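Here the structure is laid out as structure tokens; the discussion comes afterwards.
No lab work stands behind these numbers, since they all come straight from the coordinates. The structure displayed is predicted, hence computed values, not measured ones. A quick note on method: Cβ atoms are made from the backbone with ideal geometry, for glycine too, and the neighbour counts reach across all protein chains shown.
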Amino acid sequence: DKGLHKHFMAKEIAEQPQVIGEAVRHYLSEDGNSVDLPGDLDFTQVDRLTMVACGTAFYACLTAKYWFEQLAQLPVEVDIASEFRYREPPITKGTVALFVSQSGETADTLAALRYCEGKADSIVSVVNVSESSIARASDLSLPILAGVEVGVASTKAFTCQLTVLLMLALKAAEQRGTLSPERISDLLSRLRATPSILNAALEQDGAVAKAAQQLSESSDVLFLGRGLMYPLALEGALKLKEISYIHAEAYASGELKHGPIALIDKTMPVVVMAPYDALFDKTRSNMQEVLARGGKVVMITDEHGAHDTASDAWCTIVMPEIDPVLTPILYAIPAQLLAYHTAVAKGTDVDQPRNLAKSVTVE
Ligand code: M6R
């Protein structure tokens, strides 16, 4: 049931504050200062975390790599399941293998998990469907509690995956003593407060729809992001191509001058995702490089960032302020809304885009 929404995707985007709130409550300890897992997982003796997934779930893993490395000082490898399974990489003891899948039935991800059986110290999964094959084959399975996701383009499952992965990284940080208990409890209370911040982001729907109207007339769009915004740029580009059929690709901002800058002209809008964080100045200079070549910039940033760049940007979408660690969960919303409104403007089948299946159970 779509309720008052025109599409399941719109409903699922709007549900995010609520489902993320539920996921946070589910994993929060009673005193609110720590993370409770539904089973044993000890990161103290772990040398390496190997994360494997496909599509949007792969981008959730790429985001989580920043968190596990920065918060828990844990080396992380992230791989696309179809590459991992045939490359047959060495998996040594001391490795936790982590599989992320909304459906829990993706053929390549399940095959990658089977490959790790008997090799990794433990097999963990982050899934939306608790009785799925991937969940059942894991030593520990963490539900993301997003509820049924109907839209083929994943939205609420992505942000719930991010939420659970961040909480897992905080658990690892606690066990490994890499963050102070105060910082952990501060981040957890900020996570608890995200639903109201996400609601404020959803109120930018009109501004995003205006930017989308412009994008819908383009045939190519470039997404740029740095740090935690780089995997999100990849996710934004995937969303846009899946449902609007506009060719979109994403680069780490620092890669711009290593190739893609050759594409810049007035016909290819560049979506820059850049909260005003420690990396903002770097991304702003990438934006200037785009402008100097006649490119048009759709800037997704916060008040502070908008103050510095709005006069140069083609359109600006302003997000609420948030702790830099939490930006991926927040900035997913404008990325999803941008794809959604562009698809609506183009009149494509938003919930059931051509050639795509919700669950890819064959190779
Ligand atoms: O069910 P899974 O999370 O394993 O699915 C992985 C991908 O097939 C999925 O994320 C796909 O990329 C979506 N259509 C993205 O919107």
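In 10 Å bins starting at zero, report the fraction of Cα pairs in the stretch 165-240 per bin as a rounded %.
Values per bin, smallest distances first: 15, 29, 33, 17, 7, 0.
How are the Cα pair distances of the stretch 86-153 distributed, in percent, across 5 Å bins from 0?
3, 19, 28, 22, 15, 7, 4, 1
Compute the long axis of helix 327-346 from its Cα atoms, compare it with the longest principal axis of the Cα atoms of the chain, and write down the angle in degrees, 0 to 90, nearest 10.
For 327-346 against the chain, the angle is about 50 degrees.
If the cut-off is a Cα-Cα distance under 22 Å, which lysines reach K119, setting aside same-chain residues fewer than 8 apart in sequence?
K65, K93
Can you tell me the 0 to 90 degree angle between the C-alpha axis of helix 280-292 and the longest principal axis of the chain, rounded to 10?
Between helix and principal axis, roughly 40 degrees.
In the stretch 273-363, which trypsin sites (Lys or Arg not before Pro) are in a loop and have at most 11 other Cβ atoms within 10 Å, using DSSP for the loop call?
R354
For the stretch 243-311, what Kirkwood radius comes out of the mean inverse Cα-Cα distance, in Å?
Here the Kirkwood hydrodynamic radius works out to 12.6 Å.
Do any trypsin sites (Lys or Arg not before Pro) in the stretch 86-176 lie in a DSSP loop with no more than 16 other beta carbon atoms within 10 Å, and if so, which?
Qualifying residues, ordered by number: K93, K119.
In angstroms, what radius of gyration and Dmax does the stretch 1-82 have, counting Cα atoms only?
Rg, Dmax (Cα atoms, Å): 16.6, 50.
Assuming a viscosity of 1.306 mPa s and a temperature of 10 °C, what translational diffusion coefficient in µm² per second does Stokes-Einstein assign to the stretch 87-201, Rh being the Kirkwood radius over Cα pairs?
Answer, rounded: 102 µm²/s.
Enumerate the amide H contacts of S132 below 5 Å, restricted to partners 5 or more residues apart or on another chain; note that Pro and chain-start residues carry no placed amide H.
none
Would you list, by chain and number, the lysines whose Cα falls below 17 Å from the Cα of K282, excluding same-chain residues fewer than 8 positions away?
K257
Using the alpha-carbon atoms, what tilt in degrees (0 to 90, nearest 10) does helix 55-72 show relative to the longest principal axis of the chain?
Helix 55-72 sits at roughly 70 degrees to that axis.
Scale the Cα Rg of the chain by the rule-of-thumb value 2.2 N^0.38 Å and send over the ratio, two decimals.
0.95
Which aspartates and glutamates, if any, have their Cα less than 16 Å from the Cα of K11, not counting same-chain residues under 8 positions apart?
Correct list for K11: D1, E149, E203, D205, D349, D351.
Going through the stretch 1-52, which trypsin sites (Lys or Arg not before Pro) have at most 14 other Cβ atoms within 10 Å and a DSSP loop state?
For trypsin sites (Lys or Arg not before Pro) across the stretch 1-52 that sit outside H, G, I, E and B with at most 14 neighbouring Cβ atoms in 10 Å, the list reads K2, K6.
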